[in-house]
Structures are given as C-alpha cells and as structure tokens.
Amino acid sequence: VSDVGVSKIGVSTQPHTGVVSNPVGTVGYCDPLYWEMGFLSKESDVYSFGVVLFEVMCGRLCTEYHNDKHTSLVSWWKKCCDEKKLDGIIFQHIKEEIEWDSLISFSSIANRCTNRERKERPTMDEVLEELQIAHEQQVVKHISLVFSLKSCISYSVFQRIQCPKTKYFCRISIATSL
C-alpha cells in the first residue's frame, strides 16, 4: 500500500523478510518505523492495511492538507478508539447500518494494525480472522432481525435506490402484514 516501487517478490511464508531503502511512499500509509529506519517488513504492510481499514470506517482519506503540509489522521483515529469515542470518527452512512459489536471488532483490528511497535501488530492471518468475526457479528444480528419480522410479514419487495446526493445505494422494503 505504501509504494509499489519498493515492493519485493518473495515467499509469503518466510518468517523474516525486508527491504532497506530510503523512505518513499504515500504520507499517512507508511509505517512510522519505516520512515525512521528505512526498513520495510511484513508488519509495514499490516500497518498500511490498518490505515485503509480506518479510512473505510471513517469514510475519509487518512491525511488532510493544510498550509502546504499533509497531516495524518491516524493518531487521532487511534486516540478515539482507545478512548471508546467512535461516534466522533465513524462515517455517518456506516453508523446508520453497522451493529455496535461489529464496529467494535472492526475498529479494534484497525487500531491494532496501526500500533507503533511492529511486534504489537497482528499477522494478516489474525486480521482476516478478526474481520470475519466482525462480519459474522453484523450478519447474525441482521438475520435475527429478519427472522423476528418474518412472522408478521406476508411478503416483501426490496428495491435498490440510488441517493442522488451521495451516490450510495439503499434498499427500500415494501411489506404487508398478515
């Protein structure tokens, strides 16, 4: 995610691999330790992926540009996660749809991926497992709601409608009672 120019071909199962170079990459996505030491590792990719997870959750890019300078939002997002103040950063359209347990799981993995110390970051296998848990938490709540409503709905027609302002799709349900 940081920069394809410093990518390296290698076996993903190697316990240790790295690239030493002068730091290059997109501000905000790069592992802070890479900026300091010029050493890329698998954990650097985990950091960058965590930044992308935060962007998805917050609905915005990880940097702001003010006074000819890029400022990373990652430390602010991490602080909000640590202080359990997700309401201030979560993207409004996600807030309306996501189950709280799923949001907590999702934000937790994004937060862990962006830990400063590389040894404190999860592996990508752990990230995948935790994202699957967050997905299951979202799906299970939705399915239980559908089953609880099933007894009072005879039929339902779902239609996808695109909001002209946001360009997002939503589902509209038209139902009748028994």
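Label-to-label distance, V140 versus M37, with points set 7 angstrom from Cα along the beta-carbon direction: 3.8 nm. Rounded to the nearest 0.05, the FRET efficiency derived from the C-beta distance between W100 and E64 at R0 = 35 Å is 0.80. Subtracting the Cα-Cα distance of M124 and V56 from 0.36 nm times their residue separation leaves 22.7 nm of extension gain.
Laboratory data are not the source of any read-out in this text; all were calculated from the coordinates shown. As the structure is a computational prediction, the values presented were derived from the model and not from experiment. All Cβ positions, glycine included, derive from the backbone under ideal geometry; neighbour counts span all protein chains shown.
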